[in-house]
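The values are calculated or read from the model by the stated rules, or taken from the named source; none is laboratory data. In this text, all values refer to a predicted model and were calculated from it rather than measured experimentally. Cβ atoms come from the backbone with ideal geometry, glycine included; neighbour counts cover every protein chain shown. With ligands, DNA and RNA removed, areas are computed over all heavy atoms of the protein, side chains included. Shrake-Rupley method; radii C 1.70, N 1.55, O 1.52, S 1.80 Å.
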Amino acid sequence: MYSLYVPRSTVFFVISVVTDFVLPFQLHTILSMFSIVIAVSWGTRQIAIEAFISSMASLDIRSLLVFSAIFRVILIVYGEWQDAHMEVRYTDVDYLVFSDAAALMAVGDSPYKRTTYRYSPLLAFLLIPNSYIHRSWGKFLFSASDILVGYFIYYILKLRKVPENMCNYSVMVWLFNPFTFTIGTRGNCEPIVCALILWIVICLLKGNVLQSAFWYGLVVHFRIYPIIYSIPIILVLDPNFFPSDQKPVLRNWSAVKGERPKDGSGWHNLHYLFKSIFTWNRLIFGLVSGLVFLFCTGLFYCLYEWEFLHEALLYHLTRTDPRHNFSIYFYHIYLHYGHDTSVVEKLISFLPQFLVQLVLIFCFAQDLPFCIFVQTVAFVAFNKVITAQYFVWFFCLLPLILPWTKMKLRWDGLSCILLWIGAQTHWLMWGYLLEFKGKNVFLQLWAASLLFLAANIYILVMIIRNHKYASVFKALEYANTKKAAKLEIVGNRSVAEYIISSSITKIHILRVKKLIGSMEKACIPNPFRLQFHTAPTFS
C-alpha cells in the first residue's frame with residue numbers, strides 16, 4: 001500500500017493560503033502567522049517567506065497601514081527598553097541632537113547652540129513636544145510620516161490605474177523594508193522629507209502646479225538635496241502636458257507599451273526648454289517655490305543670523321567629512337583634512353555627479369517618477385559623503401517604478417539585491433575593523449567603497465535597461481495655425497482660400513466628410529471640395 005508523503009510545513013503553508021479566501025481578517029491573520037512560525041520551525045524558510053508575503057498582499061491598504069503602524073509602535077517601545085537596559089542604544093545619535101535643539105528652542109534660545117545641529121529650525125520646532133509630552137514624540141512623528149509615505153505610494157499608483165495587487169506589493173516594499181521602518185523608529189527625520197516629495201509628485205499628477213510649488217520651496221528649505229528635482233519638474237511642465245486652460249491627462253498603466261526614449265530626445269528637450277521656457281506654469285512654479293524658499297530662509301536668518309545660514313545651508317555645500325563613510329572621496333578627504341583645498345579641486349569632485357545628473361534628466365524627464373528615482377540613486381552614489389540614511393531617499397521612490405519594470409525577482413532582481421547587500425556588507429566588515437578593532441585598513445576600506453560604487457552603477461544600469469519607459473502625461477497635439485487647412489469653393493464663383501483655425505478636430509472633419517457622402521448618394525451636386533495642404537495630427 002502506497003502513501004503520499006506531504007511535508008508538514010507544506011500543509012501549514014496550504015492552510016495559510018486557504019485562510020486568504022475563507023476566513024475573516026482577524027482569524028486569517030492569526031492562523032497565517034501561526035502557520036508561518038511553524039513553517040520556520042521546520043526549517044522551510046522560503047515557504048515561510050512566501051506565505052507571509054501572500055498573506056500580507058491579500059490585505060487591503062488600510063489593513064497594511066494598520067499592521068505596519070502597530071509594528072512601528074512596538075519597535076519604538078522596544079527601543080526605549082533597549083536604551084535603558086543595553087549598552088548599544090537603539091535611538092539614533094541624531095535624534096538626541098534634534099531633541100537638545102528643540103529643548104533650546106522651547107526656552108527661547110537658538111537651536112544652533114547645540115553643536116552638530118545642522119538642520120532647519122523647523123525640525124527643532126516640530127520636536128518641541130519632546131520636552132513637554134514625551135521624549136519619544138519625535139519618533140512617533142517620524143513613524144507617522146513613514147506610514148504616510150506608504151499611503152502616498154498607494155495613492156500615486158492608483159492615480160495611474162495600477163492593479164490593486166501590484167499596488168499592495170509596491171507599498172510593502174516600503175512599509176516592510178528594514179532600512180525604512182528602522183529609520184523612523186530610531187528617530188531620523190528623513191521620512192518627513194520623503195512624504196513631502198511624494199506629496200509634490202501627487203500635486204503635479206493632479207495638475208496643482210501652485211500647490212506643488214509651495215511644498216517644493218518648503219522641502220528644499222527643510223532639506224537641501226531635493227533641489228536636484230527642479231530641472232525635471234520644469235521640463236515636465238511642458239505646454240503639451242500642462243495646457244494653461246485644462247488639467248493634464250495621465251497615461252494609464254495598462255496603456256504603457258514600454259517605448260524607449262528616442263536618440264537625441266534629451267537634446268531636443270534641452271532645445272525645446274530654452275525655446276519655450278517662459279510658460280505660465282513654469283513661471284508660477286519657479287516664482288512661488290523661490291519665494292517660499294527665500295521667505296523661510298530670510299525669516300530664520302533674521303532670527304538666528306549667520307549661524308543659521310552656515311549650519312543649515314552652506315555647510316552641506318562645502319561639507320568635508322574625514323570620518324569613513326561609503327563615499328569614494330572619504331580617503332582623499334581624510335588624507336588632506338586640515339589642508340587648504342582649492343576651489344578647482346572642490347568643483348572637480350562635483351563634476352561627475354553634475355554630468356550624470358544632466359544626462360539622466362534630459363533622457364528621462366518625461367517619466368517623472370523614474371527620472372527622480374535614478375537621479376537620487378546617482379546623486380547618492382557619487383556624493384562626497386554617503387551615510388546609510390541617504391538610502392531612504394531613493395527607497396521611497398522605488399515602489400513608484402516597480403509596476404513598470406521588466407525585471408523579474410528571480411533571477412535578475414534577486415542578483416541585484418544580493419549584490420547591493422553584499423557590497424555594503426563587505427564595506428561594513430572593513431569599517432568594523434577600523435572603528436572597533438583599531439586596525440589600519442583605510443586602503444582596504446577605500447577599495448570597498450570603489451566596489452560599492454561599482455555595484456550601485458551596475459544596478460542602476462540594470463534598472464534603466466529593464467524599465468518600460470513612458471511619459472507620465474499624454475501629450476496634447478494641436479494643428480499648426482500657420483499651416484491651416486485650405487478650403488476651395490468650386491462653381492461660378494472664383495477660388496477662395498479660408499484659413500481654418502487650429503481648433504478643428506478630427507470629429508469635425510469626419511462630420512463634413514459624412515455630409516458630403518450623403519449629398520453624393522442623393523445625387524446632389526457638391527459645391528465643396530476639401531483639400532488639406534497639411535494634414536492635422538491628433539493624439
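May I ask you to list the residues in the stretch 423-445 that are in contact with a helix residue (DSSP H, G or I) (Cβ under 9 Å, 6 or more places away or on another chain) and of a type in the set (Phe, Trp, Tyr)? Trp427, Trp430, Phe442, listed by residue number. Being within 18 Å of Val66 (Cβ to Cβ) and either open to solvent by 30 Å² or more (accessible area, probe 1.4 Å) or over 13 Å from the mean Cα position of the chain (by Cα) (or both) is a property that holds for Tyr151.
Residues that are among the hydrophobic types (A, V, I, L, M, F, W, C) and surrounded by 23 or more Cβ atoms within 10 Å (Cβ to Cβ) within the stretch 367-376 comprise Phe370, Cys371, Ile372, Phe373, Val374, listed in sequence order.
Could you go through the stretch 417-428 and let me know if any residue there is within 18 Å of Ser327 (Cα to Cα), in contact with a Leu (Cβ under 8 Å, 6 or more places away or on another chain) and open to solvent by less than 10 Å² (accessible area, probe 1.4 Å). Let's see the steps before the verdict.
Just the residues of the stretch 417-428 that are within 18 Å of Ser327 (Cα to Cα), to begin with: 419-428.
Still in the list and also in contact with a Leu (Cβ under 8 Å, 6 or more places away or on another chain): 423, 426-427.
Those still in the list that are open to solvent by less than 10 Å² (accessible area, probe 1.4 Å) too: 423.
Yes: one or more hits.
Between Ile147, Ile53, Ile74, Ile70, the distinction of being assigned to a helix (DSSP H, G or I), at pLDDT below 90 and on the phi < 0 side of the Ramachandran plot belongs to Ile53 only. Scanning the stretch 183-209 for residues that are surrounded by fewer than 24 Cβ atoms within 10 Å (Cβ to Cβ), in contact with a Leu (Cβ under 8 Å, 6 or more places away or on another chain) and not in a helix (DSSP H, G or I) gives a single hit, Lys206.
Exactly one residue out of Ala496, Ala479, Ala475, Ala470 is at pLDDT below 60, surrounded by 13 or more Cβ atoms within 10 Å (Cβ to Cβ) and not in a helix (DSSP H, G or I): that is Ala479.
If the condition is being within 16 Å of the chain's Cα centre (by Cα) and either part of a helix (DSSP H, G or I) or surrounded by fewer than 17 Cβ atoms within 10 Å (Cβ to Cβ) (or both), then the stretch 170-182 contributes Ser170, Val171, Met172, Val173, Trp174, Leu175, Phe179, Thr180.
Scan the stretch 396-416 for residues that are of a type in the set (Phe, Trp, Tyr) and either in contact with a strand residue (DSSP E or B) (Cβ under 8 Å, 6 or more places away or on another chain) or buried (at least 20 other Cβ atoms within 10 Å of the Cβ) (or both) and jot them down. Walk me through how you get there before you give the answer.
Start the filter on the stretch 396-416 by keeping residues that are of a type in the set (Phe, Trp, Tyr), which leaves 404, 411.
If the condition is that a residue be of a type in the set (Phe, Trp, Tyr) and either in contact with a strand residue (DSSP E or B) (Cβ under 8 Å, 6 or more places away or on another chain) or buried (at least 20 other Cβ atoms within 10 Å of the Cβ) (or both), then Trp404 is the only one that fits.
When the criteria are applied in full, Glu80 fails the requirement of being open to solvent by 30 Å² or more (accessible area, probe 1.4 Å), part of a loop (DSSP other than H, G, I, E, B) and under 23 Å from Ala388 (Cα atoms). Within the set Leu451, Leu402, the sole residue that is over 30 Å from Ala255 (Cβ atoms) and touching a residue at least 24 places away in the same chain (Cβ under 8 Å) turns out to be Leu451. Residue count for the stretch 275-310 satisfying the condition of being open to solvent by 60 Å² or more (accessible area, probe 1.4 Å) and either aromatic (Phe, Trp, Tyr) or under 18 Å from Ala124 (Cα atoms) (or both): 11.
Close Cβ contacts (under 6 Å, 6 or more residues apart or on different chains) running from residues in the stretch 429-446 that are within 17 Å of Ile328 (Cα to Cα) to residues that are small (Gly, Ala, Ser) and open to solvent by 100 Å² or more (accessible area, probe 1.4 Å) are absent.
Of the candidates Lys139, Lys161, the single residue that is open to solvent by less than 30 Å² (accessible area, probe 1.4 Å) and in contact (Cβ under 8 Å) with a residue 24 or more places away in the chain is Lys139. Run His221 past the list (1) farther than 24 Å from Ala365 by Cα; (2) in contact (Cβ under 8 Å) with a residue 40 or more places away in the chain; (3) surrounded by 20 or more Cβ atoms within 10 Å (Cβ to Cβ) and report the number of the one that doesn't hold. With respect to (1) farther than 24 Å from Ala365 by Cα; (2) in contact (Cβ under 8 Å) with a residue 40 or more places away in the chain; (3) surrounded by 20 or more Cβ atoms within 10 Å (Cβ to Cβ), His221 is out only on (1). Here Tyr119 fulfils each of the conditions (1) within 23 Å of the chain's Cα centre (by Cα); (2) in contact (Cβ under 8 Å) with a residue 60 or more places away in the chain; (3) not in a loop (DSSP other than H, G, I, E, B) apart from (3).
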